[in-house]
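Quick one: structure below, then a few questions.
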Amino acid sequence: MNRMENLYRQIIMEHYKNPRNKGLVDDERYNKSHIRNPSCGDDVTIQTLVEGGEVKDIRHEGSGCSICCSSASVLSALLKRRPVEEAQYISTQYVNMVSGQSYDTDVELEDAEAYQGVKQFPARIKCATIAWQAFEDTLGGDDDE
Amino acid sequence: MDLDFDIRADFPVLDDETLVYLDTAATSLTPHRVLHKMNDYYRKYSANVHRGVYRLSHEATELYNDARRTVARLINAEEDEVVFTRGASNALNMVARMLAPYIQEGDEIITSELEHHSHFLPWQRIAKERGAKLIFVPLDQNGRIQLQAFKNVLSPRTRVVALTHVSNVMGYLTPIEKITELAHAHGAYVSVDAAQSVPHMEVDVKRIDCDFLAFSAHKMLGPTGFGILYGKRKHLDAFEPVEFGGDMVGIAEKDTLTYQKPPLKFETGTPPIAEAIGFAEAIDYLEEKGLETIREHEKRLAEYAHKALSGLEDVVIYNKDADAGIITFNLKGVHPHDVVTVLDDDNIALRAGHHCAQLVMQWLSVAATLRASFYLYNTRDDIDRLIESLKRARDFFKDAGL
Ligand SMILES: Cc1ncc(COP(=O)(O)O)c(C=O)c1O
C-alpha cells in the first residue's frame, strides 16, 4: 500500500460517496454544533439527540474534503445508540489515534480504524477531527446556535 | 536574459532538488545573500539603532537607514515617505486607523471583493465605527475591476478608495493610476495593497499618485514580519500617529508630547533591524536580476502552465486571463485539500484554501481552490512536474470512485 492508499482507504472513500445519516433534522430536541475551519473552509454541523443517557441519533451536514466529510459519516454510524459516556470515550480514542498519540487499542473503532493513516499527514489531522470535535461539543449540552 | 537556470542554487530551500515550490504568493523563498546579511547583523554589529552613541550602534543605524533609502528607490518614493511596519497587514491597518477620524457618518468607502482580508476587514470595522458605507466595485464577468464599474460607484460621498493592485487569487492588475486620478478628483484618499505587485513588477508611487501603498518583505525574498507603508509626505505630516512609545516621540512631558518627523512618527519601539537590512539585500538582488526580466519570466511560465493545465481533462481554471504569475484552479469533483495531499506526496508545494480572500471565493461560488504562483526560481520543469502530479491525483481519485 503506498502512502496515498494508506490515507485514502476504500472505506473512507465509500463513506464520502455514500454518507450515512446525512442531513439535519428540524427538531428542537437535538443539540447542534457547527464548526468551520477558517484556514481551509471545511464546514461541519453535527446534531445529536441524547435521551436517557444514550446517544439516540446523530445527523451531520457540511462541505469539505473527503477526509472531513467521510469522518462525519463514520462517526454517526459508529456512535449512534451508545451510552453518552461510551461515545465520548470512543471519540477521544479516535482523536488520539489520528493525532498520533497513545490510545486504547481495545476499543472497537470499526470503520474509523481506517483513519490510522492520517497521523502520517499532520496537515490533515484537523480534517479528520473536526466532525468529532463538533460531536463532543453537542454532548456538552449547550446549543451553540 | 533567461532565468531558467542557475537561480535555484541561490535558494537554500531548493537544495532539495526534488522540491517544486509553487506558493510564492503566500511567501517567497529566501536567498543565501539575504540570510547572510541578516546573520551578519547579529554576529557583527548587533546593537540598537538611533540610540547608542557607540560605534556598533552607529554601524547598525547606517545600514538600517540605507535600507530605507533602498526601499524608497525601489518604489520611487522619498525616504521620509517610507514607514517600516510589521508587514502589509499591519500597514493597511495603520492606514485605516490614520484616516478613521476623517470619516463622517454617511461617507462611502470603496473597496472590492478581490481584497485580501487585510485590506477589507479594517475598512469594514472603520465603516461600522464611523457609520460609513462600504461599497464594493462590481466585478466584471471574469472577476476584474473595470474602470467603468469604478466610475459607477464613485460619488461625492466617497472618502476612501481601498483597492488591491494585483489580486492574490485572480492575478489581475487593477487600473490603479486612472482610478487614483478619478478618486482624487472626487476628494477621496486612495490606499493600495501592493503586496502582490511590488515583488513582481516596477511600481512607481509617483506615477500611481496614490496616497498610501503597502507591501510585505517576505513575498519578495525578504524576511517575514516586515513590510512597508508608503504614505505621501503631506499625509504623514498631517495625520496622527497610531501607536505611541519610544522612537516616535520627540519631547515627552507629563501631559504632552511632540512627535518625531515622519517616518519615525509612525514607528514605535525597537524596530526589526536585521529584517530591514535583509530586505534591502533582497531588493538589491531582485534589482540585479531585473524586475521586468522576472516579470517576463513569470509570464512565460504562466502561459506555459495555462496551456498545459487547459489540456488536462477535469481542470477548471478561474483566471484564464491573469496578468500575474498566479493560476487559480480546481480539479473537478475533488476537494483541493485532497489534491494537495497527493501533490505534497510528490514534493510539490502549492496552496489549497481560500487564500485569505473569502469574498472572492464567494464571488467564484467555491469553498476553496488550488493556487499555483510563480517567481524567478521556478522553471518549466516545475510545471511539468505539477501536471504529472495532477494527473496522478486525478487518476487516483477516479479509481476511488470520485
Ligand atoms: C494581496 C495581499 N495583501 C496583503 C497580504 C498580507 O501580507 P502579510 O501577511 O505579510 O501582512 C497578502 C499576503 O498574504 C496578500 O497576498
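The values are calculated or read from the model by the stated rules, or taken from the named source; none is laboratory data. As the structure is a prediction and not an experimental result, all values here were calculated from the model. Please note: Cβ atoms are built from the backbone with ideal geometry, for glycine as well, and neighbour counts cover all protein chains shown. Areas reflect the complete protein model, heavy atoms only, side chains present, ligands, DNA and RNA absent. Shrake-Rupley method; radii C 1.70, N 1.55, O 1.52, S 1.80 Å.
Output the residues belonging to the stretch B:356-389 that are within 15 Å of the ligand (Cβ to nearest atom) and either part of a loop (DSSP other than H, G, I, E, B) or more than 30 Å from B:LEU139 (Cα to Cα) (or both).
Selection gives B:CYS356, B:ALA357, B:PHE374, B:TYR375.
For the stretch B:356-393, which positions are among the small types (Gly, Ala, Ser) and either within 12 Å of another protein chain (Cβ to nearest Cβ) or over 18 Å from B:SER28 (Cα atoms) (or both)?
B:ALA357, B:SER365, B:ALA367, B:ALA368, B:SER389, B:ALA393
Just for the stretch A:56-68: of the residues that are in contact with a Phe, Trp or Tyr (Cβ under 8 Å, 6 or more places away or on another chain) and within 24 Å of A:GLU28 (Cα to Cα), which one is most open to solvent (accessible area, probe 1.4 Å)?
Within the stretch A:56-68, the match that is most open to solvent (accessible area, probe 1.4 Å) is A:ARG59.
Out of the residues in the stretch A:40-53 meeting the condition of being in contact with a helix residue (DSSP H, G or I) (Cβ under 9 Å, 6 or more places away or on another chain) and free of Cβ contacts under 8 Å to residues at least 24 places away in the same chain, tell me which one is farthest from the other protein chains (Cβ to nearest Cβ).
If we take residues in the stretch A:40-53 being in contact with a helix residue (DSSP H, G or I) (Cβ under 9 Å, 6 or more places away or on another chain) and free of Cβ contacts under 8 Å to residues at least 24 places away in the same chain, then A:ASP43 is farthest from the other protein chains (Cβ to nearest Cβ).
A further question on this structure: Could you list, ordered by first residue, the pairs with Cβ atoms under 8 Å in which the first is in the stretch B:190-205 and within 12 Å of B:TYR375 (Cα to Cα) and within 14 Å of chain A (Cβ to nearest Cβ) and the second is within 12 Å of the ligand (Cβ to nearest atom) and modelled with pLDDT of 95 or more, at least 6 apart or interchain?
Nothing qualifies.
For the stretch B:311-355, please list each of the strands (runs of 3 or more DSSP E) lying entirely inside it that holds at least 3 residues being within 14 Å of chain A (Cβ to nearest Cβ) and open to solvent by 30 Å² or more (accessible area, probe 1.4 Å). Before the answer, list the steps.
Details: elements: B:315-317, B:326-331, B:351-353.
No strands (runs of 3 or more DSSP E) qualify here.
A follow-up question, please. Given the criterion surrounded by fewer than 23 Cβ atoms within 10 Å (Cβ to Cβ) and at pLDDT below 95, identify the matching residue among B:GLU253, B:GLU296, B:GLU287, B:GLU303.
On inspection, the qualifying residue turns out to be B:GLU253.
Here is a check on your reading of the model: is B:GLU17 assigned to a loop (DSSP other than H, G, I, E, B), out of contact with any helix residue (DSSP H, G or I) (no Cβ under 7 Å at 6 or more places or on another chain), among the acidic types (Asp, Glu) and more than 16 Å from the ligand (Cβ to nearest atom)?
Details: assigned to a loop (DSSP other than H, G, I, E, B): yes; out of contact with any helix residue (DSSP H, G or I) (no Cβ under 7 Å at 6 or more places or on another chain): yes; among the acidic types (Asp, Glu): yes; more than 16 Å from the ligand (Cβ to nearest atom): yes.
Judged against the criteria, B:GLU17 is a match.
Let me ask you something else. Given the stretch B:108-210, what strands (runs of 3 or more DSSP E) lie entirely inside it while holding 2 or more residues that are open to solvent by 60 Å² or more (accessible area, probe 1.4 Å) and either among the aromatic types (Phe, Trp, Tyr) or modelled with pLDDT of 95 or more (or both)?
Because the criterion is at least 2 residues that are open to solvent by 60 Å² or more (accessible area, probe 1.4 Å) and either among the aromatic types (Phe, Trp, Tyr) or modelled with pLDDT of 95 or more (or both), the strands (runs of 3 or more DSSP E) in the stretch B:108-210 that meet it are B:133-136.
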